[in-house]
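Structure, as structure tokens:
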Amino acid sequence: MAPKRKGRSRAAAGSWLRRIVAAAVVLALLPVVLTLLYFPPFVHPVSTLMLKDLATFTGYDRRWVPLDEIAPVLAHSVIMSEDGQFCGHYGIDLGELKVVLDGALAGEATRGASTIPMQTVKNLFLWNGRSVVRKALELPLAVYFDAVLPKRRIIEIYLNIAEWGPNVYGIEAGAQHHFGVSASELTARQAALMAAALPNPAARDPARPGPGLKRLANTIQRRAAKSGGYVRCLQ
């Protein structure tokens, strides 16, 4: 009887292992499939944070708007603030990434090197917080995402899923929440303040900026005014 029980235990363990491997494969392929599904403009993706808000019954405010109904200065401000090489790289800014890695190897404090495609796949498929595992997943996903979707579609998705306050997602809900205007009516100053708040929307209020946020918005506003070729892929 003992050998039979041992055989059944091994079979059960093998079955569980196969299930775990199958689940891992499905999870790995899910972003690949979803990225293809996100190509049509009528598809409005949601972020993992939005799903969390639904799962915890807190709800959220998000009003999808196409890129053509967003003030161009807002998109320009976000690109010049978050990812100046957005139109030129292929999902990853290798030059910036090298600088960050060299600094880390030299013992300097780590800083972000996330591009807009990297932030978009993180928001769509992954989780928040610093993690080597998450970053390792983020890099190839960003390259794939950038290869499949046009730049205009990438920035459209990003602006419609980015968090601009507690339970406030997307630029339309963010503009209405902070300034009482639609995304198409944002001024250059308001756009710069919205972009400046993006890295930490829980602590930065674009409608009530402190001195530091004002200085950062000044820099972003100047860069957006001279963005020129840096935003050529949105034309």
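Values computed for the structure shown
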| read-out | value |
| --- | --- |
| Options Thr110, Thr58; residue that is modelled with pLDDT under 95 and over 22 Å from Ala136 (Cβ atoms) | Thr58 |
| The stretch 54-96: number of residues that are part of a helix (DSSP H, G or I) and more than 17 Å from the chain's Cα centre (by Cα) | 9 |
| Qualifying residue in the stretch 147-158 (condition: farther than 19 Å from Gln85 by Cβ, β-branched (Val, Ile, Thr), modelled with pLDDT of 95 or more and crowded, with 19+ Cβ neighbours inside 10 Å) | no |
| Number of the exception - Ala202 against (1) at pLDDT below 95; (2) over 23 Å from Leu51 (Cα atoms) | (2) |
| Counted residues, the stretch 148-168 - those being more than 14 Å from the chain's Cα centre (by Cα) and closer than 17 Å to Pro40 by Cβ | 4 |
| Helices (runs of 4 or more DSSP H) wholly inside the stretch 169-235 containing at least 2 residues that are over 21 Å from the mean Cα position of the chain (by Cα) and either in the same structural domain as Thr120 (by TED's automatic domain parsing) or surrounded by fewer than 21 Cβ atoms within 10 Å (Cβ to Cβ) (or both) | 188-197, 211-225 |
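The values are calculated or read from the model by the stated rules, or taken from the named source; none is laboratory data. All values reported here derive from a predicted model rather than from experimental measurement. Note: ideal-geometry Cβ built from the backbone for every residue, glycine included; neighbour counts use all protein chains shown.
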